[in-house]
Structure formats: C-alpha cells, structure tokens
C-alpha cells in the first residue's frame, strides 16, 4: 500500500473544522486592517532563498528541498514566505507607497517531524513593505496578538528584542566572537562553524551545553547606538499603548539573516518545549538585497499546525451540524431527492443525501447517526405529489409538508 511521505499528513474530518475556523478568523482580522492577500508560487529559484534567507542559516544549508529542473535550473520548494513575497513585490513593481500584504500556504523543510512540525507545513504571514515607522512594527505585532486571542488562546507570551542596524551588529558580532572563542571546543559542531561565519546564530542553538554557555554572553542591547535604542523604545511605547504585554529577550535573534531592528516571537505556554506559534521582525535591507530599491519592511509568520493542535486541545468547536438527511428509495424518489437537495442548499441549509439505495430502515439509522435535525423521507408517492415526510429526529415526530413550507417554517 502506498502511504504518505514522512513529515506529511492528510487533513480531513473534524480537524478540518479547526482549520476553517482558524483561517476564517485570521482573514477577518486582516481584512479589517486592510491587508491584501498575495499568492506566490510554491516553486522558486534556489538563489532567492540563498540570498534572501542567508547562506549560513540551517534552512539553506540543511533543510531546503532543492532539485534541478529539466532545463538544469536549480529550483527549491519554498521553505518560508517572506522571500517570495519580496520577489513578487520587486518583479511586479509594487513600489510607491505602503503595501500591506498577507499570505497563507504550504511551506517545505526537511527536518525531523514532531508534534506540530511537519516537513510540509502551513504558514500564515503578513508583510508591510515601504514603511520604516515604528508604528508599523507595533501594528503587525498587535495584529498577530489579536488573531491568537480571537482564537481563544490565553497563555501567550510576546518576546521582544532589537538586533539593531548593520553598525550595531558589526560591533556586537565582534563582542560575541571574543566571548565564544575560548569556549570553541565546548560548543556544538554547528555553533563552532557559526563562530567564524555568523556568531549571532549561536544564540539560536538548541544544544543544552551551548545554551548554558550563551547565558553569560554579551547582550545586543548594550551595543545599540542612540538612534536604534530610541527606535526600540518607541516600538515598546506603542505596544504599551495598545495594551500588548511583552517581555524583553536580548537572546532573541530569530533564525533568518535578513532581520534588522525589531525581532519578536509569540509563544504559548500550552505547547510545551516547542512553544513558538508566531515569529517575525523588521527586514529593511532584504528588498535591496534581492535587487529592488531601498525599501524598509516588517512582517511575521505563524505555523498553523501548532495552532490547530492548540485549538484541538481546547476542544471548543463542535462538528458542523447537518440540517437534514435525505432518505429516498425508488427511481422517482431518488431523482426527486436530487431536486429537494438542491433547493434546500439554495436556502442555506446543510444537506446530506443518502446515495446507497438501501432499505428505509438502514438509511434512517444512518440519518440518526449523522446528527441531523431531521430526516426527509422520500418515496415514489412523495415524488408524485411533490411533498416531503419530515421526521424530527430529536422528537421522534413526523409530518408531511412541501419544500416551500419547510423552508418558511424554519427559524431565520
């Protein structure tokens, strides 16, 4: 038997109810903030991610699904959404103002599957391109927080940091090299490689011994110049005005090379060790790095699988109820059932039509199991008179009516 690939999964049944609920809430909040949806290809040139995400990141070095096309082009299944949105922004010349964009779709990373983390996974993300105003940073953090709150999540923690500009990070980079060099042999192999290439990424290490060494490492906040510090203070002030509670985490550098100034994560204490449900920040140099004009930008992404796990643990959603289950037997009745089904769906009712042709008692048993409010029983005589036998399942009451009378009798 052919099975799904490791790190992928089928989504159906009650789980799909949670996905639709999550997507509906997110779209509603984003539309109210006048963010416009953008859909970019799943396939992109490998160079886009190598240049955009950073060649020293784990994503580019270890996790990308990359292959050669028949035309000998190096192509990659997108591992994240921001680089593709920026490529679309440049290619379609969306310059000239502030673009507020959102996306939702599948991403791919070759990593060890675990709870809430798949090799094919889904992200919701927003990008604000064309504004350097600290209010844009506060706006995107607040929108993410509002989406999570609207989903009913309560144990949320917003972690905030500034990684400064290139000058700040240059000085901080040297301070980290000076600090970590005496510990080189004690660091995990990945961190030893990062020491020479990108020492900030050592702070992202999940190795317990490296994490212990990082505890006493210099803080980026001590290396921010006056303008960077003022900017970070304004972001914090805006979030306080918006009543978004946060904590400062000077170790938070995010996993991608393109971040500048604001970096943030939102965690849920209900998820255990893998607690991050949203992460993002400012990336003022990425558009220029990918061939566009100098364009400030800020955004975030949420992993939807983890959110669905949280929603399922809360168990707040019931299956979508069926209004009527249609039972029919006989050639004329079965043809009539199609007409009845169409008309009732046109009245915004949720209908399931039995297609088995089994005896009435078996179909009625399935009707009771469906959770429907009522069963519509159709025989050839009902087809000839254009009537319905309605059996109200909770009351064990049965009556004869017409399609029009049934629709009129239902509460609006």
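Listed values, structure above:
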quantity	calculated
Verdict on residue 88 being within 23 Å of the chain's Cα centre (by Cα), closer than 16 Å to residue 296 by Cβ and assigned to a helix (DSSP H, G or I)	no
Residue within segment 323-338 that is loosely packed, with under 12 Cβ neighbours inside 10 Å, in a helix (DSSP H, G or I), outside the structural domain of residue 19 (by TED's automatic domain parsing) and without any contact (Cβ under 8 Å) to a residue 12 or more places away in the chain present	no
Qualifying position, being surrounded by 17 or more Cβ atoms within 10 Å (Cβ to Cβ), touching a strand residue (DSSP E or B) at 6+ places or on another chain (Cβ under 8 Å) and at pLDDT 90 or above, among 266, 248	266
Given (1) at pLDDT below 90; (2) under 30 Å from the mean Cα position of the chain (by Cα); (3) closer than 21 Å to residue 296 by Cβ; (4) not assigned by TED's automatic domain parsing to the domain that holds residue 302, index of the condition residue 204 fails	(3)
Residue list for segment 78-102, restricted to those being under 13 Å from residue 44 (Cβ atoms) and touching a strand residue (DSSP E or B) at 6+ places or on another chain (Cβ under 9 Å)	78, 79, 80, 81, 82, 83, 84, 85, 86, 87, 88
Enumeration of residues in segment 391-405 that are within 43 Å of the chain's Cα centre (by Cα), closer than 16 Å to residue 343 by Cα and either free of Cβ contacts under 8 Å to residues at least 40 places away in the same chain or not assigned by TED's automatic domain parsing to the domain that holds residue 342 (or both)	404
Unique residue being in contact (Cβ under 8 Å) with a residue 12 or more places away in the chain and within 23 Å of the chain's Cα centre (by Cα) when the list is 253, 235	253
Candidates 332, 373, filtered to the one that is at pLDDT 95 or above and over 30 Å from residue 153 (Cα atoms)	332
Qualifying position, being more than 30 Å from residue 316 (Cα to Cα), under 21 Å from the mean Cα position of the chain (by Cα) and crowded, with 17+ Cβ neighbours inside 10 Å, among 30, 22, 77	77
Segments classed as strands (runs of 3 or more DSSP E), wholly inside segment 358-412, with at least 2 members that are surrounded by 16 or more Cβ atoms within 10 Å (Cβ to Cβ)	374-378, 388-392
Candidates 36, 31 - the one that is within 30 Å of residue 322 (Cα to Cα) and either in contact with a strand residue (DSSP E or B) (Cβ under 7 Å, 6 or more places away or on another chain) or in the same structural domain as residue 114 (by TED's automatic domain parsing) (or both)	31
Per-region count, segment 339-357, residues over 17 Å from residue 407 (Cα atoms) and either surrounded by fewer than 16 Cβ atoms within 10 Å (Cβ to Cβ) or modelled with pLDDT under 95 (or both)	3
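The values are calculated or read from the model by the stated rules, or taken from the named source; none is laboratory data. The model shown is predicted, which means the values in this text are computed figures rather than measured ones. Cβ: placed from backbone, ideal geometry, glycine included. Neighbour counts: every protein chain shown.
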